[in-house]
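Worksheet for the structure shown next.
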Amino acid sequence: MRQASVAAGIGVSLLLVSCGGGNGAQSTDPQPQASLSASPTTVGSGGAATLSWSSTNATACTASGGWSGALAASGSKSSGAIAANTTFALTCTGPGGTSNTATAVVTVANDTVTVSPAIAAITLWQTQQFTVSVPGGGGATWSVDGVAGGNATVGGISVNGLYTPGTVAGVHTIAAASVANTAQSGSAVAAVTDLAGVYTYHNDLARDGANTREYALTAATVNGGGFGKLYSCTVDGAVYSQPLWVANLAVNGAKHNAVFVATQHDSLYAFDADANPCVTLWSVSLIDTAHGANAGETTVPAGPTGNLVGSGFGDVTPEVGVTGTPVIDPSSGTLYVVSKSVNSAQNAFYQRLHAIDLATGGEKNGSPVTITGTYPGSGDGGTTVSFDARQENQRPGLALLNGVVYVAWSAHEDTYPWYGWVMGYHYDGASFTQTAVLNVTPNAHAGGIWMSGGAPAADSNNNIYLLTGNGAFDATNGTAPNDDYGDSLLKLTTALTVLQNFTPSDHLTLDQTDGDFGAGGTAVLADLPGGNPVTHLLIGGGKDGSLYLLNRDSLGGLGDSAAVQKIGIGYPIFATGAYWNDLYFLAGASGPLTEYLLNPSVPQINVVASSAHRYAFPGSTPSISAAGTQNGIVWALDDSQYCTSQSPGCGPAVLYAYDAGNMTTELWNSADAAADAAGYAVKFTVPTIVNGKVYVGTRGNNVGGAYGSSSVSGELDVYGLRP
C-alpha cells in the first residue's frame, strides 16, 4: 500500500511539473518579433522597391502577400517590378513560436516623370533651371532634343537640370528619365528666341507688326488655364507709346532683358522684362536739369480745363509729355525720345529730342537738342514758316533709318495754326545735326502727320512712306504753290524730298468733311516674287474707311485709278494693319478684326475671316507673334473705354488673342477673368509681344482726371504663360 501510494504521489508530482504554473520549457523562449519596411514607398508602374526586414527571437521568416518564399531572419531584397499598389507581408518563427505579421505597402504612382516648368520662354543669352519629379523619388538623366546632356547646337543641360541654350533658336525638348527605370521619362519645352529686340513702333520699319521669332506662344499654350496677367509695373503717367524691348542688356554689371516705357509725365522707365514682381532697372525724368530742361519746367496741361494746348476737348488728358513711340539704336545703345514741356511761367514751350543711354537712363554727350525748324512757304504770311513747339503734337512714332532719326508732327485737336512737319536728326555721339526738314503743307496749314500713333515706314531701298491728314492738295498745279500734300500718301527720300504721292480722288471732300486720309498708318508688304504684276506693295487707309493697296514703285499721283486695289472696309480706319504670311489684319472703328488674304498673282486682297468681337472706336492696330510661318497668333487691344472726355466710358484695356489662320477662333481675352484685367485704356495703344510675354501700356486707374488724382497714374501690364 505504501509503495502504491508513493508511486501515485510520484505520478501526481510529474503531472504537476508537466502542466503547471508556466515554469516549464516553453516559457523560457520569448515570442519572435518581426519588422518590414519598403524603400521607396511609392514607385512608378514597373518600378521596384527595396524590402528590408529584421526579427528578434526568430530563426527563419516567411514572405507572403506581394512576395513569397522562405527568408532568413533578416535581410533585404528587391520587390521586383510592381504594377499596382501592393502589400508585402512577413512572419518569422523561432523557439518561442510565431511572430506577429509585419506589413509594408508600396504604392504605384503616376508613372510620368514631371519636368518643371512645362514651358520656359528664354533668349539665347539666358539660362533656365528645370526641376524633375521622379515617381518614387530618385535621380534622373537629362537630354536635349534626344542628345544626352545636349550639345553646343541645341544647348547643354547639367546633371542638375540647368539648361544653357546653344546656337540654334526655336523649340527644344528637355527630357528627363528616371535612373531607376529608364522607361519612366518626362519632358518640357525650352522656347528659345534669338530676337535681339523690339526697337521701334510695330516691330520694324515695314510696320508689319510681326514678331516671327516667338516660340512659346501658340494656340495650344494661349488659353484660360495657362496664360494670363502675371504682374504690373507702376509708372507716373499714362502710356501712349508702345513699350520697347531689348534682350541681354547690361545694367549695373548684370544682364537683363529690359522693357522701356515712356509716359505723358515726361518720364522714361527701364524694367526687367521677366522679373515678377516688377523690378525697376532705372527711371528718369526727361524734364529735369540733368536731361536738358530749365528748372521749373513741367509737362503741358492738356485736359478739358486749364489746357495750354488743344481746344479743351481733352483728347490727351491730363498732360502732354511723351506721346510718340521712341526708337532704339542697338548698335550704340541709344534710345531716342521726344519730350514736350512748358516753363514755370507757362509762356515758353519746348520739344527736345533726347539720346538716352539704354544702360543708365542718362543723357548722352551733346544731348538733348531743342527742336526748331523752318521751311519755305507762305502759310505764316511771309516766305518762310517756322516750327511751333506749342502747337505741334509729336503723335507719330519715331523712325530710325541709316543713323538718322525721323520725327513727325500733327495738331493738338486740330487747333490752328499747325502743319505737318517731318525732320531728320543725326546723332554722332557728341551732338545732334539736323539733316533735313519737310513741311507737307507750307502754304496752306494743316496736313498733320499723326496716323493714330503709327510711324513712318521704310522699304529696303531707304524710301520713307507716311500719310498726311486733312489739308489742301495743290501738287498738280502748273505753277506755285504746288507743294502742299494734304490727304496724301507720300514717298520720301532720306533727305525728305517728295519722290511720289498717292492722293485719293475725293481729297477735297475728305479735307472739308474731316475725312482725314492720314488717320491710319501704312505698312510695307513683303516683296513679291518676280513675274507678278506688282512686286512692291504698300497698304494704308483713313477715316473714310477706304483701304488702298498701292504699287510703291509707282504710287500714281492723284486719283483712285492709280491704286492697285481700293477696298471699302465699311469702318473708319484709325490703325496700322499687320501683315504676315500673305495675310493682312485690320480692325476699323466699330468693326471686327478682319483677316485678308493677298493673292500675289493679281495682286489683290480679299476677306477670309472676321472676329466675332467688334472693336468700338478707335478700332485696333493688331500685332502678330509667330514661329516663322507657323503658330501665328493675332493680338489686338480694345481701347474703346479710354476715359478722356470724348470717350463713351472708362474701363480696362482688353487684350484679345486669335488664331492667325482663322480669325473666327478666339483663343483668349483678358476680360474673361477679373485677375487678368489691365489698367484703364489709352486710345490707339499697341501691345508688344516678345519672349513669351505681352506688354500693354495703360493709364493705371486714372479716369481722366488731373495728374495725381488717382493712386496709379499709369501702368505697364505684363501677360504671359503662367508658371
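Between T59 and S332, the modelled label-to-label distance comes to 9.7 nm, taking each label 7 Å out from Cα in the direction of the beta carbon. Phi angles across segment 206-217 convert, under the Karplus curve 6.51 cos²θ - 1.76 cosθ + 1.60 with θ = phi - 60°, into 3J(HN,Hα) values of 6, 6, 7, x, 10, 9, 9, 10, 10, 10, 8, 8 Hz, Gly and Pro given as x. Computed from the C-beta positions of N461 and Y231, the FRET efficiency with R₀ = 51 Å rounds to 0.75. With both residues required to sit in segment 114-193, DSSP beta bridges show an antiparallel share near 85%. Across segment 339-353, computed HN-Hα scalar couplings (Karplus, 6.51 cos²θ - 1.76 cosθ + 1.60, θ = phi - 60°) run 9, 10, 7, 9, 6, 5, 7, 6, 10, 9, 10, 9, 10, 10, 9 Hz from first to last residue, x flagging Gly and Pro. For the chain, the share of DSSP beta bridges that are antiparallel, to the nearest 5, is 95%. Phi-derived couplings, Karplus 6.51 cos²θ - 1.76 cosθ + 1.60 at θ = phi - 60°, listed residue by residue for segment 116-121: 10, x, 5, 9, 10, 9 Hz, with x used for Gly and Pro. Taking amide hydrogens as placed 1.01 Å from N in the peptide plane, the amide H of Y240 sits under 5 Å from those of Q264, each at least 5 positions away in sequence or on another chain.
Ordered by the count of other Cβ atoms within 10 Å of each Cβ, fewest first, H412, H426, H291 give H426, H291, H412. Close amide H partners of F473, meaning residues 5 or more places away or on another chain with modelled amide H under 5 Å apart, are G486. Around L593, with a cut-off of 15 angstrom between Cβ atoms, what is the net charge of the other residues, counting Lys and Arg +1 and Asp and Glu -1? Here the count lands on -4. All other residues whose Cβ lies under 14 angstrom from that of V718 are scored, Lys and Arg at +1 and Asp and Glu at -1, for a net of -2. A Förster distance of 41 Å, applied to the separation of the beta-carbon atoms of S68 and T131, puts the FRET efficiency at 0.55. Neighbours of T334, meaning other residues whose beta-carbon lies under 13 angstrom from its beta-carbon, give a summed charge of -3 when Lys and Arg score +1 and Asp and Glu score -1. As a length-normalised measure over Cα pairs under 8 Å and 6 or more apart, the relative contact order of segment 227-309 settles at 20 percent.
Hey, of (1) 3, 13, 21, 20, 13, 7, 5, 5, 4, 3, 2, 1, 1, 1, 0, 0, 0; (2) 2, 10, 12, 11, 11, 12, 11, 9, 7, 6, 5, 3, 1, 0, 0; (3) 3, 14, 24, 25, 19, 10, 3, 1, 0, which did the structure itself give for P(r) over Cα pairs in 10 Å bins from 0, in percent when calculated? Matching the structure shown: (1).
Read-outs: derived from the displayed coordinates by stated rules, not from any lab. Just so it is clear, the structure is predicted and the values come from calculations on it, not from any experiment. Don't worry about glycine lacking a Cβ; one is built from the backbone with ideal geometry, like all the others, and counts go over all protein chains shown.
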